[in-house]
Amino acid sequence: MSLNAFITKETVESDEDGPLAGKSIAVKDNISTEGLRTTCGSEMLEDYVPPYDATVVERLKDAGATIVGKANMDEFGMGTTTETSAYGPTKNPVDESRVPGGSSGGSAAAVAAGEADLALGTDTGGSIRCPAAFCGVVGIKPTYGLVSRYGLVAYANSLEQIGPIAPSVEEAAALLDVIAGPDDRDATTREEGADSNFAAAADGDVEGLTIGVPTELVEGADEGVKAAFWDALDELEAQGAEYHEVSMPSTEKAVAAYYVIAMSEASSNLARFDGVRYGKSGGYEGNWNEAFARAREEGFGSEVKRRILLGTYALSAGYHDKYYAKAQDARAWVKQDFDAAFEDVDVLASPTMPVPPFELGESLDDPLQMYLADANTVPVNLANLPAISVPAGETDGLPVGLQLIGPKFGEETIVRAASAVEN
């Protein structure tokens, strides 16, 4: 049975002989690939073929990688299950009755099933870490500014990052080495971390490492998930690390703040899809407003429409201060809690996802359940920090991911700790 991990299956080979020569890579379908269809999982862009490569794709080609297709995803990155794709859901290769996580579910499923050696995903609120955890592979959400977003179709600019998905920590880190670094075409990129050797950091040496465990990110987790999480921490302790619980009360407000901010930015970003310059056309019979509305009605799926409406409402006159401004205040509180925690610990740890993979169809009729499942991942994006999800065991035969969060540009530390979990 097909996992439906790809929207477009087409091979683009590189002539270069670099560190990724001989490696096949799936590229999430919201990352521009010259001459290769890029749909964002939406009917709106079903025929869109970009005239240029994203910076990360240029770097893949320069490193000798072979692109094997565009991976399935939740429409415009909006989802936690890869079920909102206009091209059908992706199935979890561990258990095909389950979702692979989202929104980079096609990328994670392709790697887990061996349909690609490596993959690129994007992470706005957990969209790399969630599918990595659900599919039993490794996913890294880099520090905001470490990897160029030029050529990424925007969902929420202040939150999203492109990052690697791989079978092992070292392979994920090696892919990050290739795509990281400043880019003149993306003013949010920074020089920091550009000279790092992330793959070399995967040495498993955690002697003396201090780990903080935010109680708020563990308490509500499924019992089987918690058991696997604590077992993994005990293993780290046996290898020389030490851990203790910390409190980060702001994280209890993070999901609400995140969705207000992300939906508001999505409302603004997706306004460009008007069916005129690109995207599904609504036709034109002399009334532009009707054509605009028709294009968006036919081109966008229900989850994207929901988020556009909620974001527009949050930004509207009379409600901006009540919702959007308060969400930004909560974001600042989350950042302060992380800063305070990192004064005492080297990394923070939690279950990546508080629950095992959903059954297919389980969350479609209850979007709130899907939003709440992001409780452990969205605080990282609000604070623009790096995090990695590494397999940490199973519950009832389903994968459980351990999330390790580092301070800004602390990728080497979380890679080192994650490699110890893997070992």
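Values computed for the structure shown
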item: Failed criterion for Arg37 (all others in (1) of a type outside the set (A, V, I, L, M, F, W, C); (2) touching a residue at least 40 places away in the same chain (Cβ under 8 Å); (3) farther than 24 Å from Thr188 by Cβ hold); result: (2)
item: Elements of type strands (runs of 3 or more DSSP E) contained in the stretch 1-108, each with 2 or more residues being in contact with a helix residue (DSSP H, G or I) (Cβ under 6 Å, 6 or more places away or on another chain), under 28 Å from Pro182 (Cβ atoms) and in the same structural domain as Glu170 (by TED's automatic domain parsing); result: 24-28
item: Verdict on Ala314 being of a type in the set (A, V, I, L, M), over 28 Å from Val421 (Cα atoms) and crowded, with 19+ Cβ neighbours inside 10 Å; result: yes
item: Selection status of Gly145, on the phi > 0 side of the Ramachandran plot, touching a residue at least 40 places away in the same chain (Cβ under 8 Å) and surrounded by 24 or more Cβ atoms within 10 Å (Cβ to Cβ); result: no
item: Some residue of the stretch 204-224 being part of a helix (DSSP H, G or I), out of contact with any Leu (no Cβ under 6 Å at 6 or more places or on another chain) and closer than 15 Å to Glu422 by Cα; result: no
item: Filter pass, Pro93 being closer than 30 Å to Asp396 by Cβ and not polar (S, T, N, Q); result: yes
item: Residue within the stretch 270-286 that is within 18 Å of Gly79 (Cβ to Cβ), not in a loop (DSSP other than H, G, I, E, B) and not assigned by TED's automatic domain parsing to the domain that holds Cys40 present; result: yes
item: Matching residues, the stretch 266-282, being touching a residue at least 12 places away in the same chain (Cβ under 8 Å), under 20 Å from Ala86 (Cβ atoms) and out of contact with any Asp or Glu (no Cβ under 8 Å at 6 or more places or on another chain); result: Ala266, Ser267, Asn269, Leu270, Phe273, Asp274, Gly275, Tyr278, Gly279, Ser281
item: Qualifying residue in the stretch 308-316 (condition: assigned to a loop (DSSP other than H, G, I, E, B), more than 14 Å from Phe76 (Cβ to Cβ) and not assigned by TED's automatic domain parsing to the domain that holds Glu83); result: yes
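The values are calculated or read from the model by the stated rules, or taken from the named source; none is laboratory data. All values derive from a computational prediction rather than experimental measurement. So basically every Cβ, Gly included, is an ideal-geometry build from the backbone, and we count neighbours across all protein chains shown.
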